[in-house]
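What follows is one structure encoded as structure tokens, with my remarks underneath.
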């Protein structure tokens, strides 16, 4: 009789470097100087696998470089991300 191996749940810690880049905006053909740029976030996170096929994950992105101009919008202090993962 064959043995069936069942993976138990697993917890992983993660550390990600996340980057965002935006090009310069244009209004009526003219480039907006206070737009565009790149910013980087460091995102410590946690993954919990519920077995061999399913998992959930969450991380908090903290800005480490603010090179993205946002003159007319909010600048985040941190960003919370989460998701589900399935292996098929």
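Since every read-out is calculated from the coordinates, none of them should be taken as a lab result. Computed from a predicted model, the values in this text were never measured in an experiment. Ideal geometry is used to build each Cβ from the backbone, glycine not excepted, and the neighbour counts take in all protein chains shown.
Could you work out which residue, out of 59, 43, 22, moves most in a Gaussian network model of the chain, that is, has the largest mean-square fluctuation with Cα springs under 10 Å? Looking only at 59, 43, 22, the biggest GNM fluctuation is shown by 22. Between 11, 62, 27, find the one with the highest GNM mean-square fluctuation for the chain; connect C-alpha pairs within less than 10 Å. Judging by the Gaussian network model, the answer is 27. Cβ crowding within 10 Å ranks 15, 46 as 15, 46, fewest other Cβ atoms first.
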